[in-house]
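Engineer: So that we are looking at the same thing, I have put the structure below in structure tokens.
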Amino acid sequence: MGEPYLLTPGPLTTSLKVKQAMLKDWGSWDGDFRAMTAAMCQKLLAIAGDGGAEFDCVPMQGSGTFAVEAMLGSFLAKDSKTLVLVNGAYGKRIVESLRYLGRDHLVIDKGDYMPPRGDEVAVALESDPAITHVVLVHCETSSGILNPVQEISEVVAAAGRKLLIDSMSAFGALPLDTRETRFEAMVSSANKCIEGVPGFGFIIARKSALEAAEGNSHSLSLDVYQQWLNFKKTGQWRYTPPTHTVAAFTEALNLHEQEGGAPGRLARYERNRNVMVAGMRDLGFETLLKDRWLSPIIVTFFNPAHPNFSFPKFYDLMKSRGFIIYPGKLTVVDSFRIGCIGRLDEHVMRQVVVAARESLAEMNVDSACPPESALKERARLAA
Ligand SMILES: *Cc1c(COP(=O)(O)O)cnc(C)c1O
């Protein structure tokens, strides 16, 4: 057996071509590398539905969180006030960043997995005229919930405020088009739906927002305005870029295009999810979310109630069959997650279900049914 499949939301399983693209060294100042960076930004803008007319793309070294923090620190002026829509760990991380940044904010926290809705956002914006920005997580990877980005963007635009989006685990598969969804800036990273390796994130922002961002940032290295200016002036990253990661990402973008862009990728991820969820439900597993909110990115399942079930053991048995799954991130009920993204298809997902069946059998778990308390919790969500 080769290396295991990563059923995780990034780092994820990449194609051999992406890995092979890292076998060459690049000079960061060299024209070839500068051209590669420029072409990469152009392709990312195209995926976002903008040819570079109104928006620009600014890559930023580091993991996705670095790029989120760069976006927040650079676009939120020191006298801004931000409404953060939280329904999971990544929303909470944004709140924590704002605390570090010392930017005024308030929070609508929907708990582990209820979606924020347009009407409540409208009420909050109406009742506090000081709010300048709203931040939304597109797909909240901690539960897998797909938040209603279009609905929120319409409400924010109607109220004359600005929207920032953490589209980390959604961009490149789920639709997010500058011509359809009104936003100031969004952020994603190399190792999610474009299927590259970790090392940098990128911010796609309105040029007017970039121009207005001068002097906002608390941080030298995370200043999106200065990074943008440097790319415009020299075509170079300001500090050492992750050269091999950029080369791998360029290959990942080629594969993305060959698959039919975001719609092609979304179709494969949806098939992955549908095959995997149907198979797991056949085994008696239950999903946390109703179908309407289930993203094609990652799916949360309740742990079975059976006394012989143990997640660490299940994890090891799945790994021995070639699949790395992901622990849950809910506070109320025990759960685990299975990702649908990365270089894998429905045939792999069928094997995942077979592996889950065999792993349960090996633990002497004859039913994957969740505990009553989990089903009650889910009923609360449906209400
Ligand atoms: C992956 C992810 C991030 C960034 O996480 P890093 O570990 O810093 O790469 C941020 N937000 C969401 C929604 C994510 O899925």
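Engineer: Please go through region 111-161 and pick out each residue that is assigned to a loop (DSSP other than H, G, I, E, B) and either away from the ligand (no atom under 16 Å from the Cβ) or more than 21 Å from the chain's Cα centre (by Cα) (or both). Walk me through it before giving the result.
Structural biologist: Within region 111-161, the subset assigned to a loop (DSSP other than H, G, I, E, B) is 111-117, 128-132, 138, 141-144, 147-148, 159-161.
Passing the criteria: GLY111, MET114, ARG117, ASP128, PRO129, ALA130, ILE131, THR132, ALA159, GLY160, ARG161.
Engineer: Determine if region 213-229 includes at least one residue that is surrounded by fewer than 21 Cβ atoms within 10 Å (Cβ to Cβ) and part of a strand (DSSP E or B). Break it down stepwise before answering.
Structural biologist: Going through region 213-229, the residues surrounded by fewer than 21 Cβ atoms within 10 Å (Cβ to Cβ) turn out to be 214-216, 218-221, 226, 229.
Subset that is part of a strand (DSSP E or B): none.
Within region 213-229, not a single residue is surrounded by fewer than 21 Cβ atoms within 10 Å (Cβ to Cβ) and part of a strand (DSSP E or B).
Engineer: I'm trying to understand the selection: among the residues of region 78-93, which are of a type in the set (Ser, Thr, Tyr) and away from the ligand (no atom under 11 Å from the Cβ)? Give the derivation first.
Structural biologist: Going through region 78-93, the residues of a type in the set (Ser, Thr, Tyr) turn out to be 80, 82, 90.
Passing the criteria: SER80, THR82.
Results for (1) within 20 Å of VAL187 (Cβ to Cβ); (2) of a type outside the set (A, V, I, L, M, F, W, C); (3) in the same structural domain as CYS139 (by TED's automatic domain parsing), shown as yes or no for each residue.
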residue	(1), (2), (3)
LYS78	no, yes, yes
VAL84	yes, no, yes
ASN87	yes, yes, yes
GLU96	yes, yes, yes
GLY111	no, yes, yes
ASP119	no, yes, yes
ALA124	no, no, yes
SER127	no, yes, yes
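Engineer: State yes or no: is ALA39 outside the structural domain of ARG378 (by TED's automatic domain parsing), among the small types (Gly, Ala, Ser), modelled with pLDDT of 95 or more and within 16 Å of the ligand (Cβ to nearest atom)? Write out each step before concluding.
Structural biologist: Details: outside the structural domain of ARG378 (by TED's automatic domain parsing): yes; among the small types (Gly, Ala, Ser): yes; modelled with pLDDT of 95 or more: yes; within 16 Å of the ligand (Cβ to nearest atom): no.
Answer is no for this residue.
Engineer: Among residues belonging to region 18-48 that are crowded, with 17+ Cβ neighbours inside 10 Å and among the small types (Gly, Ala, Ser), point out the one that is farthest from LYS232 (Cα to Cα).
Structural biologist: Here the answer is ALA21.
Engineer: Which one of these does PHE249 not meet: (1) within 15 Å of LEU44 (Cα to Cα); (2) within 16 Å of the ligand (Cβ to nearest atom); (3) assigned to a helix (DSSP H, G or I); (4) in contact with a Phe, Trp or Tyr (Cβ under 7 Å, 6 or more places away or on another chain)?
Structural biologist: Of the numbered conditions (1) within 15 Å of LEU44 (Cα to Cα); (2) within 16 Å of the ligand (Cβ to nearest atom); (3) assigned to a helix (DSSP H, G or I); (4) in contact with a Phe, Trp or Tyr (Cβ under 7 Å, 6 or more places away or on another chain), the odd one out for PHE249 is (4).
Engineer: Looking at region 66-80, I want the residues that are among the acidic types (Asp, Glu) and have a partner that is in a helix (DSSP H, G or I) with Cβ atoms under 6 Å, at least 6 apart or on another chain. Which pairs are those?
Structural biologist: Filtered contacts from region 66-80: GLU69/SER97.
Residue-by-condition table, conditions (1) among the hydrophobic types (A, V, I, L, M, F, W, C); (2) within 20 Å of GLY111 (Cα to Cα):
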| position | (1), (2) |
| --- | --- |
| TRP293 | yes, yes |
| PRO296 | no, no |
| ALA305 | yes, no |
| PRO312 | no, no |
| LEU317 | yes, no |
| PRO327 | no, yes |
| ARG337 | no, yes |
| ILE341 | yes, no |
| MET349 | yes, no |
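Engineer: State which residue is farthest from the ligand (Cβ to nearest atom) when the search covers only region 56-72 and only residues that are in a helix (DSSP H, G or I) and surrounded by fewer than 22 Cβ atoms within 10 Å (Cβ to Cβ). Show your work before the answer.
Structural biologist: Looking only at region 56-72, we keep the residues that are in a helix (DSSP H, G or I), and these are 64-72.
With the extra rule that they be surrounded by fewer than 22 Cβ atoms within 10 Å (Cβ to Cβ), the set shrinks to 65-66.
On the way: THR65: 3, PHE66: 7 Å.
Applying the filter and picking the extreme gives PHE66.
Engineer: Something else: Based on what the data block shows, is VAL332 among the β-branched types (Val, Ile, Thr) and assigned to a loop (DSSP other than H, G, I, E, B)?
Structural biologist: Values: among the β-branched types (Val, Ile, Thr): yes; assigned to a loop (DSSP other than H, G, I, E, B): yes.
The answer is yes for VAL332.
Engineer: Taking the criterion of being assigned to a helix (DSSP H, G or I), crowded, with 19+ Cβ neighbours inside 10 Å and touching a residue at least 40 places away in the same chain (Cβ under 8 Å), would at least one residue in region 91-99 satisfy it?
Structural biologist: Yes, region 91-99 has at least one match.
Engineer: What number of residues in region 349-376 are crowded, with 19+ Cβ neighbours inside 10 Å and either in a loop (DSSP other than H, G, I, E, B) or within 25 Å of the chain's Cα centre (by Cα) (or both)?
Structural biologist: Going through region 349-376 one residue at a time, the tally reaches 6.
Engineer: Residue pairs, Cβ under 8 Å, 6 or more apart or interchain, first in region 353-368 and at positive phi and outside the structural domain of MET318 (by TED's automatic domain parsing), second surrounded by fewer than 14 Cβ atoms within 10 Å (Cβ to Cβ) and among the small types (Gly, Ala, Ser). List them.
Structural biologist: Hits for this filter: zero, empty list.
Engineer: Just give me the residues in region 176-211 being within 13 Å of the ligand (Cβ to nearest atom) and of a type in the set (Lys, Arg), in sequence order.
Structural biologist: Within region 176-211, LYS192 is the sole residue that qualifies.
Engineer: Looking at region 162-185 only, could you name the residues that are of a type in the set (A, V, I, L, M), buried (at least 24 other Cβ atoms within 10 Å of the Cβ) and within 11 Å of the chain's Cα centre (by Cα)?
Structural biologist: Selection gives ILE165, MET168, ALA170, ALA173.
Engineer: Taking region 275-291 as the region of interest, how many residues are farther than 19 Å from SER142 by Cβ and in a loop (DSSP other than H, G, I, E, B)?
Structural biologist: The qualifying residues number 2.
Listed here are the residues, each with its yes/no results for (1) buried (at least 18 other Cβ atoms within 10 Å of the Cβ); (2) charged (D, E, K, R); (3) at pLDDT 95 or above.
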{"position": "ASP119", "(1), (2), (3)": "no, yes, yes"}
{"position": "SER142", "(1), (2), (3)": "yes, no, no"}
{"position": "VAL156", "(1), (2), (3)": "yes, no, yes"}
{"position": "PHE200", "(1), (2), (3)": "yes, no, yes"}
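The values are calculated or read from the model by the stated rules, or taken from the named source; none is laboratory data. Predicted, not measured: the structure shown is a model, and the values here were computed from it. Note: ideal-geometry Cβ built from the backbone for every residue, glycine included; neighbour counts use all protein chains shown.
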